[in-house]
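Here the structure comes first, spelled out in structure tokens, and everything after it is commentary.
What follows is calculated from the coordinates using simple rules that are stated; it is not laboratory data. Only a predicted model underlies this, so the values are computations on that prediction, with no experimental measurement involved. Cβ atoms come from the backbone with ideal geometry, glycine included; neighbour counts cover every protein chain shown.
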Amino acid sequence: MKDIQKFVRKGNLDLKAYIPGKPIEEVQEELGLTEIAKLASNETPLGPSPKAILAAEKELKNAHLYPEGRCTLLIREMSKKLGIEEDMITFSNGADNCILLIASAFINEGDEIVMGDPSFFVFQTVTKIMGGKPIFVKLKNHIHDLNAMRERVGKNTKLVFVCNPNNPTGTIVKKAELDKFVSQLPDFTILILDEAYFEFASDKDYPDGLDYIKQGYNVISLRTFSKIYGIAGLRIGYALGCPEFIAALNRVREPFPVSRVAQAAALAALEDEEYRERVLKNNREGKAYLYNEFQKLGLPYAPSQTNFVFVDLKNDCERVFQDLLKKGIIIRPGNLWNYHTFVRISVGTMEQNRRAIEALKGCLL
Ligand SMILES: *Cc1c(COP(=O)(O)O)cnc(C)c1O
């Protein structure tokens, strides 16, 4: 046995590896099931945009060539779509990787990084990798408590992460509250808005992170092609910010982070408005169905601005998770976030939603 302590970077042993949603392949192998509904990772249940599939297939013949490192065509299209300069955007292999870029670019050892609890797990991992100190601030009614977060911002606070809408709760902070929060941050602190579910949020008071960037605040917004654009498996996401922040991210980025296939598919998906409408419609209907069923079962849930619902099953969530697995339904148990009776369930196709609810009824005590 090697004494790993001698080798690894300080803090490495304190890290916990990310626990992803259980993969379909694993459940198939372990339980010999074929019909599996994975409602655990907030993926799009409708498959990718057909246009994205076609574009990806076409690009495969160029796979011997390195990709274009900067994602020039995508940056051009995105800058037009958002009405910002090209140097305010950078692409990488997923918003997850953009979070790591942010940590590598900005966090010095000892810096304090304020984040919600529970929120997206990757925030604390990248903070610890860089020797930063995560400062956890409990959510209030499943929503980021911006007043409490503001109180924890001090002279060593480099970053504040606000996941809006929040994963795993699906809730948002509203524009008026975020306006105030942003304007009160010190000039040495950057607000990182993780807006992975931006396109799903329909509340009229949902703030657009880009507005703060345009107004010159220290804000970086993160978005992704994994959720509304339906290509999580190809790994592509992006960060928006002022040219100085984006240049700082580009300096720590690897040379060719986004594959040719992912770039081609993303370009096609970007243009497929009809697909996105379909995803949104499926999500609206599915969420309404789930809400209604949860109400009938007397199970409280957090109102969600995303494609998943955080619901209190009033049962041991690990047991329900295992029971549902046996029936071919994969969900995310809340014990990951110390919510031992909650689960996070992604909105599936209507057929999957119905199966999930029927199966759930059979496991609740
Ligand atoms: C899904 C998700 C991401 C990751 O997006 P990728 O582009 O697939 O890496 C980032 N943040 C949150 C909050 C997410 O839920």
Exercise for review: Determine ³J(HN,Hα), in whole Hz, for all residues of the range 288-300 in sequence, where each value follows from phi through the Karplus function 6.51 cos²θ - 1.76 cosθ + 1.60 and θ = phi - 60°; x replaces Gly and Pro.
Suggested key: 4, 4, 4, 3, 4, 5, 4, 4, 4, 7, x, 9, x
Exercise for review: Specify the residue with the greatest mean-square fluctuation among Leu60, Leu222, Leu336, computed from a Gaussian network of the chain linking alpha-carbon atoms under 10 Å apart.
Suggested key: Leu60
Point to revise | Fraction of antiparallel bridges per DSSP, the chain only, in percent to nearest 5 | key: 45 percent
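Please get the size of the charge dipole for the range 94-251, origin at its Cα centre, with Cβ charges of +1 on Lys and Arg and -1 on Asp and Glu, quoted in debye to the nearest 20.
With Lys and Arg at +1 and Asp and Glu at -1, about 160 debye.
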Revision key, fill the gap. As a percent rounded to 5, the proportion of antiparallel DSSP bridges among beta bridges in the range 108-204 is 5 percent
Check your understanding: Hey, in the GNM for the chain with a 10 angstrom Cα cutoff, which one of Thr341, Thr34, Thr224 fluctuates hardest?
Key -> Thr34
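Quick check on the range 169-251: what does the Kirkwood estimate of hydrodynamic radius come out to from the alpha carbon pairs, in Å?
Mean inverse Cα-Cα distance, inverted, gives 13.8 Å.
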**Study point:** Cross-link reach list, lysines versus Lys133, counting only Cα pairs under 16 Å and skipping chain neighbours closer than eight places
**Key:** Lys10, Lys16, Lys155, Lys158
**Study point:** Unit charges at the beta carbon, dipole of the range 51-270: most positive-side option, Ile236, Gly154, Gly209
**Key:** Ile236
Practice item. Select from Leu73, Ile84, Leu60 the residue farthest towards the positive end of the dipole of the range 54-94; place +1 on Cβ of Lys and Arg, -1 on Cβ of Asp and Glu, and compute about the Cα centre. Key: Leu60
Point to revise | Candidate aspartates and glutamates for bridging to Lys128, where Cα separation is under 16 Å - those fewer than 8 sequence places away on the same chain excluded | key: Asp14, Asp96, Glu109, Asp111, Glu112, Asp117
Exercise for review: Please report, in whole Å, how far the alpha carbons of the chain spread along each principal axis, starting with the longest.
Suggested key: 57, 54, 51
Check your understanding: Once you charge only the Cβ atoms, +1 for Lys and Arg and -1 for Asp and Glu, what is the size of the charge dipole of the range 46-98 about its Cα centre, to the nearest 20 debye?
Key -> 240 debye
Check your understanding: Among Gln263, Leu280, Tyr291, which residue has its Cα positioned farthest towards the positive end of the charge dipole of the chain, with +1 placed on the Cβ of Lys and Arg, -1 on the Cβ of Asp and Glu, and the dipole taken about the Cα centre?
Key -> Tyr291
Review point. Treating the beta-carbon of each Lys and Arg as +1 and of each Asp and Glu as -1, no other charges, what is the dipole magnitude of the chain about its Cα centre, to the nearest 20 debye?
Key: 440 debye
Practice item. Please identify, among Ser183, Ser259, Ser79, the residue showing maximal mean-square fluctuation in a Gaussian network model of the chain using a 10 angstrom Cα cutoff. Key: Ser183
Point to revise | Entries in Lys174/Lys204; Lys22/Lys51; Lys174/Lys281 that, when Cα-Cα distance is taken, lie over 20 Å | key: Lys22/Lys51; Lys174/Lys281
Check your understanding: Leaving out same-chain residues fewer than 8 places away, which lysines sit with a Cα under 16 Å from that of Lys296?
Key -> Lys287, Lys314, Lys361
